[in-house]
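The values are calculated or read from the model by the stated rules, or taken from the named source; none is laboratory data. Model, not experiment: these values are computed from the prediction. Positions of Cβ are generated from backbone atoms using ideal geometry, with glycine treated the same way; all protein chains shown enter the neighbour counts.
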Amino acid sequence: MQKRADQLLVVEELRERLERIGNGPERLHETLPFGVDAIDHHLPGGGLKLGCLHELSGGGNGAADGAAAALFAAGVAARLSGKVFMVCHPAGSVHAGPDAGRPVAEPAHHR
């Protein structure tokens, strides 16, 4: 039980930090719809809630499944203005090419 409580504290701390560097608490009530009724209908508020942490993963164990999830996340993030924080699992990244011991970072570009 203590581990779960510790995890919840970490998540709350991350939310507070993101709020301070983001657009503030008003952004926490916005959602990003996909524009696909079959998906949006099943999501609270009709889309992904902004200002929150979301986990995306592939449907299988292969590199293609993980790459598809990463591309999906990048496509969703591209529709947003402002900053997006993404964490890629190192073990999954190995299958995509880079060495897990070598961090890879790409700066965000504004259009």
Task: Scope the stretch 1-21; condition under 20 Å from residue 44 (Cβ atoms) and either of a type outside the set (A, V, I, L, M) or at pLDDT below 75 (or both); matching residues - done: 12, 15, 19
- [ ] Working only within the stretch 36-87, note down all residues that are under 13 Å from the mean Cα position of the chain (by Cα), small (Gly, Ala, Ser) and not in a helix (DSSP H, G or I).
- [x] 51, 57
